[in-house]
1. Hey, any hits in region 18-35 for a residue that's over 20 Å from the mean Cα position of the chain (by Cα), more than 20 Å from Ile120 (Cβ to Cβ), in a loop (DSSP other than H, G, I, E, B) and not hydroxyl-bearing (Ser, Thr, Tyr)?
2. So, of the residues in region 74-109 that are in a helix (DSSP H, G or I) and touching a strand residue (DSSP E or B) at 6+ places or on another chain (Cβ under 8 Å), which turns out to be modelled with the lowest pLDDT?
3. Would you pick out the residues in region 45-64 that are within 25 Å of the chain's Cα centre (by Cα), without any contact (Cβ under 8 Å) to a residue 24 or more places away in the chain and outside any helix (DSSP H, G or I)?
4. For region 119-133, what are the residues that are in a helix (DSSP H, G or I), over 17 Å from the mean Cα position of the chain (by Cα) and either within 14 Å of Ile13 (Cα to Cα) or free of Cβ contacts under 8 Å to residues at least 40 places away in the same chain (or both)?
5. Within region 55-62, can one find any residue that is out of contact with any strand residue (DSSP E or B) (no Cβ under 8 Å at 6 or more places or on another chain), farther than 23 Å from Val82 by Cα and surrounded by fewer than 13 Cβ atoms within 10 Å (Cβ to Cβ)?
6. Can you tell me which residue is least open to solvent (accessible area, probe 1.4 Å) among those in region 80-118 that are free of Cβ contacts under 8 Å to residues at least 24 places away in the same chain and among the hydrophobic types (A, V, I, L, M, F, W, C)?
7. State all residues of region 27-54 that are open to solvent by 60 Å² or more (accessible area, probe 1.4 Å), of a type outside the set (Phe, Trp, Tyr) and within 20 Å of Ala128 (Cβ to Cβ); if no residue qualifies, say none.
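The values are calculated or read from the model by the stated rules, or taken from the named source; none is laboratory data. Small disclaimer: the values here were computed from a predicted structure and weren't measured. Cβ placement follows ideal geometry from the backbone for every residue including glycine, while neighbour counts extend to all protein chains displayed. Note: accessible area is taken over every heavy atom of the protein model, side chains too, but ligands, DNA and RNA are not part of it. Shrake-Rupley method; radii C 1.70, N 1.55, O 1.52, S 1.80 Å.
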Amino acid sequence: FAFEFCQQGPGLIIPTEMTVSQWKLRMVAYELGRDYMDLYLGKYRDINRLMETAAYIEGLPIQWFKNGSPTPAQIQATVRSVDRAQGCEWVIVDGVNDISVPGAEGPAITSTAVTCLHEIARSGKVVACTAHMNRDSKQRGNKSPNPRDAFGSSRVEQLASRILTLWRPGHLVETGEAEEMPEDYTDPNVAK
């Protein structure tokens, strides 16, 4: 997703969950058509292609926020700075729940962060962000997520122009969260 944004023009990526190196490695894996873990574990052996792809990724018009979890004020200042230096058409934040909002907890963090990102979007930039799913979805019989499960969702739902839910049903099995789900469970929201 981020790699496709980078192909469109200059922008800013604010990783709050992974390091910049992890992001770049995932982008290299995407460009190579390989699983991220193949690269991470050193299973990819075409070193020349790997180095060429890494150099290509480094040359993309991306600025990176490298100082951990920013505050909303730091995000706005960084966007302004990047915009002045090279132009900034888009901003990606991964993830909005980990933005540092002094004095706020839980959904209030997300609400404040989303409000900040909405202001950036109103300035004409495309803003994309990830949000954690609300842990209360574990209690539902139907485990498939919906937009209301976004942690701090009331603000997300109010301000987002699009909400895309990505999930992997196998994750529930891998994490042990699917114990009460029948083995033949299929998500009714996924087209066959």
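1. no
2. Top of the filtered list is Val96.
3. Passing the criteria: only Gly59.
4. Selection gives Arg122 alone.
5. no
6. Ala104
7. Glu31
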